[in-house]
Amino acid sequence: MSLDNFKTNIGEWLQGTGPDADLVISSRVRLARNLANSPFTSVSTEDQSKAVSERIETALQRLDGGLPLHVMELEKKDVVERQVLVERHLVSHDLATGSGSRLVAFDEAESFSVMGNEEDHLRLQVMKSGYQLEEAWSQMCPLERSLEEDLQFAFHSKYGYLTACPTNVGTGLRASVMLHLPAMVITGQIEEMTRAATKIHLAVRGLFGEGTEAQGDFFQMSNQRTLGLSEEQVLENIASVLPNIIVYERKLRDELLERRRERIEDRIGRAFGILSHARVITSKEALERLSLVRLGVAMGFLDDVSMNQINRMFLHSQPGHLQSLVGEPLTTEDRDRKRADLLRSILGDTSGEGFSSS
C-alpha cells in the first residue's frame, strides 16, 4: 500500500458513522506485549531489534482469519511519511521518531494497527468510529490470540503481561475514546469533568495522547490502571462514566442554544467565514475554527457541510498531510498558506450559503 492513498482517503475511525460520533470521534483499544526471552527494546542491540522485527513480520504473514495487513519498515520512510502515520494515529510519536529496526502494519480501513519495536516489542491497536469500545475489544481478541500462537509473549503468573513501563504491567490494555467537547469548554465545565474522571483512575489528555495538550476542544480519555484489573473491568470503568459525559455535553449544547443562541451562532459563523476566506492560517487556529464548525454541523447550523468533510479537513490540514499532498517539505509559513488554500477550496463553494439560523 502506498502512502499516496492517504491523500484522498481517511480511516474508518474518522468516517463519523459510529454511535454518538458527533461527540465520540473514535474508540481505541491497545495492547502492549513483549516477546519472551528477548531483551526489551530499550536495552536490545540493533541485531536483536532486527530479529524481533523479522519475527513479528513473519507472524503477521501467518495471521489466521485472512486479515490483510500492509507492512512498512519505518526506518526506510522519510520524516514527512512518518509524520503522516502519526497524524492518522497508526503509529505513536515515539515510534515515528525512534531509530533502528521498527515497523508498522495496518489494514486498508486503518482499523487495525500493529507497531513493532516501540517502547514494547508489540503494540496492537484497534480503532472504531464513534463509541464502540466493546466492538473494538471483540476484534482485538482474535488478533492477539493469533499472534500469541506464533510469538510467545512475556508473562508472569502473578503480575500478568510484562511491559517496559510499569504502568502497563498486567493486562497491558489501554482503552481510550477521542472526544469533542466544545460545550464543556465554552461553559467552563471541562475541568470539573477532568477531575471527576481522575477520581476513578481515568486520564484526560490531548489529541495525540500522553504528553500533548488539548487543542480545538478535542480530548482523549483512557484508563490509567492495568495491574489488578481484568480487561472487562477496564472497559466497564470507562463505560461507567462516558454515557454521563455524553448526556452532559448534549445538555450543555441545548442550554447554549436556549440561552446564548445568538452568540454561539456568531462564533460558529465567524469560524466558518475565516476558514472559507483565510489566506494564511496556523495549525492551531485551524483546529480551533474546525472545532466550532464541527459543533455547527452537529447543531444543524451548517446544511452543506458533513461531519465526514470536517473530519477530513481536520486530518488533511495537519503538517504531515499538507506536505504529503504538496509532495515536498514546506516551511512553517508555506504550510500556513497551503493549509488556508486547502480549507478554502473545500469550504469556499459553500461560503455565504449553507448557514441556517432560525
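For segment 3-176, what's the relative contact order in percent, using C-alpha pairs closer than 8 Å and at least 6 residues apart? Contact order relative to length: 36 percent.
Exposure proxy ranking for HIS316, HIS121, based on other Cβ atoms within 10 angstrom of each Cβ and starting from the fewest, stands as HIS316, HIS121. Ordered by the count of other Cβ atoms within 10 Å of each Cβ, fewest first, TRP13, TRP137 give TRP137, TRP13.
Estimated at 0.36 nm per residue, the fully extended path between GLU232 and HIS70 surpasses their Cα-Cα distance by 55.3 nm.
The relative contact order of the chain, computed from alpha carbon pairs under 8 Å that lie at least 6 residues apart in sequence, is 19 percent. Work through the residues other than PRO68 whose Cβ is under 9 Å from its Cβ and net out their charges, Lys, Arg +1 and Asp, Glu -1. Net charge around PRO68: -2. Footprinting exposure proxy ranking of ASP266, ASP22, fewest other C-beta atoms within 10 angstrom first, gives ASP266, ASP22. Taken over the chain, lysine pairs spaced eight or more positions apart, or on distinct chains, with alpha carbons under 20 Å apart number 6. For the chain, hydrophobic long helices are taken as DSSP H runs at least 20 Å long by C-alpha position along their axis with mean Kyte-Doolittle hydropathy of 0.0 or more; these are 283-299.
Counting helices only, and only those DSSP H runs with n ≥ 4, report the 222 nm mean residue ellipticity of the chain as the sum of -39,500 (n - 2.57) divided by its residues, in deg cm²/dmol to the nearest 500.
On the way: 12 runs with 159 residues, N = 358.
-14000 deg cm²/dmol, from helical runs alone.
Give me the number: length gained by fully extending ASP78 to ARG260, i.e. 0.36 nm times residue separation minus the C-alpha to C-alpha distance, one decimal in nm. Here the answer is 60.7 nm.
Dividing the mean sequence gap of close Cα pairs (under 8 Å, 6+ apart) by how many residues segment 260-350 holds gives a relative contact order of 39 percent. Distance between the modelled labels on LYS50 and GLU191, one decimal in nanometres: 5.4 nm (7 Å Cα→Cβ projection). Between amide H atoms placed 1.01 Å from N, distances below 5 Å from LEU179 occur with ILE25, PHE219, GLN220, MET221, all of them 5 or more places distant or on a separate chain. Between ARG279 and HIS93, full extension at 0.36 nm per residue minus the direct alpha carbon distance yields a gain of 64.0 nm.
No lab work stands behind these numbers, since they all come straight from the coordinates. What you see is a predicted model, and the numbers here were worked out from it, not measured in a lab. A quick note on method: Cβ atoms are made from the backbone with ideal geometry, for glycine too, and the neighbour counts reach across all protein chains shown.
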